[in-house]
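For reference, the structure is listed below as structure tokens.
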């Protein structure tokens with residue numbers, strides 16, 4: 001891995017890394033499934049074998065977390081332990097078990113003139129992945145990029161630089177053993193923000209940029225990138241409790257959506273409750289949220305029904321809290337709930353709790369989000385839970401990918417045509 005010295009030109013450092021990644025991507029596109037899987041399984045074993053070193057590196061990041069002003073939820077995302085390292089290893093094994101998308105014939109057929117035309121799945125090429133303080137994302141991104149035949153340049157946040165660097169060292173050592181090109185997985189070791197700008201101006205070597213983090217990061221990447229961007233915007237997710245909702249299901253789903261993990265993009269940030277059941281269900285749900293330390297910010301009706309609720313501002317309806325706060329509004333019907341979600345939500349994940357099939361259908365058809373859940377927690381919008389293995393993010397775009405981005409979302413296609421001396425007349 002190249003390193004930045006005080007005398008080294010940052011732009012040259014970035015160029016060298018990008019060129020190496022592009023060269024590696026051409027090799028990766030032709031590697032056998034067996035070779036890629038061997039690397040994934042070797043990495044999984046080595047992550048578990050190197051647990052002590054990974055935790056030591058992570059402890060350095062945790063120690064510095066107050067310097068960067070990280071919240072408790074952010075520190076939780078940053079923290080590694082034996083269980084999380086084991087989960088990373090498990091994720092790599094799961095990716096190894098998935099079908100290889102590269103070379104899949106999506107569709108094809110024979111033309112009347114005898115030309116055989118196939119639409120074949122191919123890697124995107126080189127991925128520049130910019131993310132913040134979740135070190136497990138390092139392993140996930142590397143796994144699905146290599147399995148899908150792509151090289152990846154990883155630019156993690158400064159908050160997790162020791163953890164991510166230690167993880168990439170393990171992955172690169174496994175690559176050397178398993179026949180994966182050295183430039184397939186690279187980690188940007190400098191925290192200089194100018195490095196991101198250099199990479200975003202290298203469309204000749206980088207085929208796609210994927211930012212995963214706060215709105216400021218994503219807006220910067222979207223405005224500066226000279227290559228396509230797959231965006232992972234805010235997770236301002238909603239749960240709407242319909243008038244026909246089962247009471248226990250409503251409580252369980254809202255509490256799980258919000259409290260299972262606070263600092264993740266698919267956590268519920270806003271609750272909507274039908275006015276016909278608000279008087280009974282809203283206090284029940286609120287009691288469970290408050291018992292778990294959640295602050296409720298609500299409209300006037302919510303504040304009347306829940307004495308501990310604070311008045312919400314319009315800004316609250318837009319906010320991804322990533323912490324122990326939830327906004328709440330009482331609505332007239334499913335139509336008002338849908339209008340609220342489409343106006344204030346981030347098109348990430350939204351759920352309805354209902355026993356009415358017509359309400360469920362209306363909600364799924366009209367809510368404009370990457371994932372729409374019926375009687376299920378928003379926390380299920382996740383690559384692993386959807387059977388995709390690891391994911392590189394949850395896209396709120398409509399092109400080129402939407403929702404959890406797994407192996408197939410990191411591929412494109414090309415047409416392969418076989419003839420027998422055909423010439424066009």
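Mind listing whichever residues of region 214-226 are part of a loop (DSSP other than H, G, I, E, B) and either outside the structural domain of residue 193 (by TED's automatic domain parsing) or touching a strand residue (DSSP E or B) at 6+ places or on another chain (Cβ under 6 Å) (or both)?
Within region 214-226, just 225 meets the criteria.
Go through region 296-327 and give me each residue that's part of a strand (DSSP E or B) and either in the same structural domain as residue 74 (by TED's automatic domain parsing) or free of Cβ contacts under 8 Å to residues at least 60 places away in the same chain (or both).
Those that are part of a strand (DSSP E or B) and either in the same structural domain as residue 74 (by TED's automatic domain parsing) or free of Cβ contacts under 8 Å to residues at least 60 places away in the same chain (or both): 296, 297, 298, 310, 311, 325, 327.
Kindly check whether there is at least one residue in region 83-91 that is touching a residue at least 60 places away in the same chain (Cβ under 8 Å), under 19 Å from residue 322 (Cβ atoms) and in contact with a helix residue (DSSP H, G or I) (Cβ under 9 Å, 6 or more places away or on another chain).
Looking through region 83-91, none of the residues is touching a residue at least 60 places away in the same chain (Cβ under 8 Å), under 19 Å from residue 322 (Cβ atoms) and in contact with a helix residue (DSSP H, G or I) (Cβ under 9 Å, 6 or more places away or on another chain).
Does residue 325 satisfy the criteria of being more than 21 Å from residue 248 (Cβ to Cβ) and modelled with pLDDT of 95 or more?
yes
For region 190-213, enumerate the residues that are closer than 14 Å to residue 156 by Cβ, in contact with a strand residue (DSSP E or B) (Cβ under 8 Å, 6 or more places away or on another chain) and part of a loop (DSSP other than H, G, I, E, B).
Matches in region 190-213: 213 only.
Please go through region 328-360 and give me each residue that is closer than 21 Å to residue 284 by Cβ and assigned to a loop (DSSP other than H, G, I, E, B), ordered by number.
Scanning region 328-360 gives 332, 333, 354, 355, 356.
Would you be able to say whether some residue in region 273-286 is surrounded by 15 or more Cβ atoms within 10 Å (Cβ to Cβ), in contact with a helix residue (DSSP H, G or I) (Cβ under 6 Å, 6 or more places away or on another chain) and either modelled with pLDDT under 95 or not in a helix (DSSP H, G or I) (or both)?
Yes, there is a match, as at least one residue in region 273-286 is surrounded by 15 or more Cβ atoms within 10 Å (Cβ to Cβ), in contact with a helix residue (DSSP H, G or I) (Cβ under 6 Å, 6 or more places away or on another chain) and either modelled with pLDDT under 95 or not in a helix (DSSP H, G or I) (or both).
Identify all residues within region 94-121 that are farther than 26 Å from residue 421 by Cα and buried (at least 17 other Cβ atoms within 10 Å of the Cβ); write none if there are none.
Those that are farther than 26 Å from residue 421 by Cα and buried (at least 17 other Cβ atoms within 10 Å of the Cβ): 94, 95, 96, 98, 100, 101, 102.
Which ones in region 361-383 are assigned to a helix (DSSP H, G or I) and under 21 Å from the mean Cα position of the chain (by Cα)?
378, 379, 380
Counting only residues that are surrounded by 24 or more Cβ atoms within 10 Å (Cβ to Cβ) and within 19 Å of the chain's Cα centre (by Cα), which one in region 237-261 is nearest to residue 337 (Cα to Cα)?
The residue in question is 238.
State whether one or more residues within region 378-398 are in contact with a helix residue (DSSP H, G or I) (Cβ under 8 Å, 6 or more places away or on another chain), touching a residue at least 12 places away in the same chain (Cβ under 8 Å) and surrounded by fewer than 17 Cβ atoms within 10 Å (Cβ to Cβ).
yes
Would you point out the residue of region 166-184, among those that are closer than 20 Å to residue 133 by Cα and in contact with a strand residue (DSSP E or B) (Cβ under 6 Å, 6 or more places away or on another chain), that is surrounded by the most Cβ atoms within 10 Å (Cβ to Cβ)?
Among those residues, the one meeting the criterion is 171.
Of the numbered conditions (1) more than 21 Å from residue 94 (Cα to Cα); (2) in contact (Cβ under 8 Å) with a residue 60 or more places away in the chain; (3) out of contact with any helix residue (DSSP H, G or I) (no Cβ under 7 Å at 6 or more places or on another chain), residue 219 fails exactly one; give the number of that condition.
(2)
Sort through 160, 143 and tell me the only one that's modelled with pLDDT under 95, crowded, with 24+ Cβ neighbours inside 10 Å and either over 25 Å from the mean Cα position of the chain (by Cα) or part of a helix (DSSP H, G or I) (or both).
After ruling out the rest, the residue left standing is 160.
So, of the residues in region 335-346 that are surrounded by fewer than 21 Cβ atoms within 10 Å (Cβ to Cβ) and within 26 Å of the chain's Cα centre (by Cα), which turns out to be farthest from residue 366 (Cα to Cα)?
My answer is 344.
Does residue 270 fit the bill of being in the same structural domain as residue 333 (by TED's automatic domain parsing), buried (at least 22 other Cβ atoms within 10 Å of the Cβ) and assigned to a helix (DSSP H, G or I)?
In short, no.
Which residues, counting only those in region 109-130, are free of Cβ contacts under 8 Å to residues at least 24 places away in the same chain and in a strand (DSSP E or B)?
Scanning region 109-130 gives 109, 110.
Has region 357-365 got at least one residue that is touching a residue at least 40 places away in the same chain (Cβ under 8 Å) and touching a strand residue (DSSP E or B) at 6+ places or on another chain (Cβ under 8 Å)?
yes
Checking the conditions here, which among 89, 74, 52, 59 is part of a helix (DSSP H, G or I), modelled with pLDDT of 95 or more, on the phi < 0 side of the Ramachandran plot and within 19 Å of the chain's Cα centre (by Cα)?
Going through 89, 74, 52, 59 in turn, just one is part of a helix (DSSP H, G or I), modelled with pLDDT of 95 or more, on the phi < 0 side of the Ramachandran plot and within 19 Å of the chain's Cα centre (by Cα): 89.
The values are calculated or read from the model by the stated rules, or taken from the named source; none is laboratory data. All figures in this text were calculated on a predicted structure; none of them were measured in a lab. So basically every Cβ, Gly included, is an ideal-geometry build from the backbone, and we count neighbours across all protein chains shown.
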